[in-house]
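This report concerns only the one structure given below.
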Amino acid sequence: MSELTQAILKSLLTYDPETGVFTYALPRPKVKVGDVAGHLHKGHGYIQMKVQGRLYLAHRLAWLYVYGEWPKNQLDHINRNRADNRLRNLRPATNAENCQNRPVQKNATSGVAGVTWNKTLGKWHARISVNNRRQHVGWFRTRQEAVEARRTAELALHPYRTG
């Protein structure tokens, strides 16, 4: 099987950069021209689709469709919605940059990334990761103080964070 190119992709699918939606450009069995292509993967939340028998993530196809080349690294969904493939919501990112824009983990007891309660000390601990290394931000009497310190650290050290 040959490498998927922009020309091949454009012959098979149409992409609307304003909506982020791919539609079929050619009829196929059980598919009409203009039908939406791809489906939401329930596990990881990305839109994916088969093109020429191979499974692709729609955001990477969008990049190829518009720019004529595969993204060199990762693509970050700026608004953190993995199914939102509008061109203005996609930006190239290294793994470290992409990790800066991750949502708060579901098991975060404080509700804020990098802020945890230390029962032994009876204080809130704020920390941040930079280049895969955890950095201590500080110990705080209140959750709010820890959250504010963490946000200040994010502004300085995580330029890709959007919210």
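Read-outs: derived from the displayed coordinates by stated rules, not from any lab. In this text the structure is predicted, and so the values were computed from the model without any measurement. Positions of Cβ are backbone-derived with ideal geometry, glycine not excepted, and every protein chain shown enters the neighbour counts.
The table below gives the values:
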read-out	value
Value of Rg/Rh across region 1-92 [Cα atoms, Kirkwood radius]	0.94
Environment charge of Ala25, counting only residues whose C-beta is closer than 13 Å and scoring Lys/Arg +1, Asp/Glu -1	+1
Cα→Cβ-extended label distance, 7 Å offset, between Lys30 and Ala7, nm	3.2 nm
Cβ-based net charge around Ala126, under 13 Å, with every Lys or Arg adding one and every Asp or Glu removing one	+4
Where GluC sites (Glu not before Pro) in DSSP loops with at most 13 other Cβ within 10 Å are excluded, longest remaining stretch of the chain	70-163
Choice from Gly53, Gly114, Gly138 showing the highest fluctuation, given a GNM over the chain with Cα pairs closer than 10 Å	Gly53
Distance (nanometres) between label positions extended 7 Å along Cα→Cβ at Ser129 and Asp84	2.3 nm
Mean-position separation - Cα centroids, region 1-29 and region 37-98, in angstrom	14 Å
Alpha-carbon gyration tensor eigenvalues x 5, square-rooted, for region 103-157, Å	17, 13, 11
GNM top mover of Ala37, Ala108, Ala149 - the chain, alpha-carbon springs below 10 Å	Ala108
Exposed-site-free run, longest, the chain (rule: trypsin sites (Lys or Arg not before Pro); DSSP loop; at most 10 other C-beta within 10 Å)	73-105
